[in-house]
1. Could you compute the net charge surrounding residue 92? Neighbours are other residues with a C-beta less than 14 Å from the C-beta of residue 92; K and R count +1, D and E count -1.
2. Which of the three applies to segment 26-115, rounded, prolate or oblate, going by the alpha-carbon gyration tensor with a ≥ b ≥ c and a/c under 1.5 meaning rounded?
3. Tell me, in nm to one decimal, what length is gained between residue 44 and residue 109 on full extension, where the rule is 0.36 nm per residue of separation less the Cα-Cα distance?
4. If Lys and Arg each add +1 and Asp and Glu each add -1, what is the summed charge of the other residues whose beta carbon sits under 9 Å from the beta carbon of residue 19?
5. Using a simple spin-label model with points 7 Å from Cα along the Cα→Cβ vector, what separation in nm is obtained for residue 81 and residue 51?
Amino acid sequence: MRPVDDSNTGSRDLAGKPLEIETEREGDSITIALSGEMDLSTVQRLDLAIRRAEETKVGRIVLDLSELSFLDSTGLSVLLKAGVRDRENGNRLRFIPSNHDAVQRVIALTGTGEMFEWAA
């Protein structure tokens, strides 16, 4: 959770960078790379990008969270729902973990890390 005054409390990671989504298809794989902050105002864009990838016949979909600096409960919900759909429809989805403490803490505190298939 962000501080009420929207300060960064010593972390340069949470500088308010809007979510950027880059999708790249290479061979039999689609990578969706996220950077910046994912929250209520941006989750629909991510959900759409994931669903478009799911509609393809690729063998692997990778959600690269390495540059995701903020994740709220709505963003976490989109990721978890994508994981559930994936287990029901082919098990193609893999996640690359975030390098940012704020995102790592949300996943750790909610105990949801074991619900993701982490890329090797």
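1. Working: positive: 25, 51, 52, 57, 60, 85, 87, 94; negative: 28, 54, 55, 86, 88, 117.
Net charge around residue 92: +2.
2. On the way: a/c = 1.66, a/b = 1.55, b/c = 1.07.
Prolate, since a/c reaches 1.5 and a/b exceeds b/c.
3. Numbers: separation 65, 0.36 × 65 = 23.40 nm, distance 2.38 nm.
Gain on extension, residue 44 to residue 109, equals 21.0 nm.
4. Details: positive: 17, 45; negative: 20, 37, 39.
Net charge around residue 19: -1.
5. 0.8
Each reported figure results from applying straightforward, stated rules to the coordinates on display, with no laboratory input. Owing to the predicted nature of the structure, the values given are computational and were not obtained by experimental measurement. Every residue, glycine among them, receives a Cβ derived from its backbone with ideal geometry; neighbour counts consider all protein chains shown.
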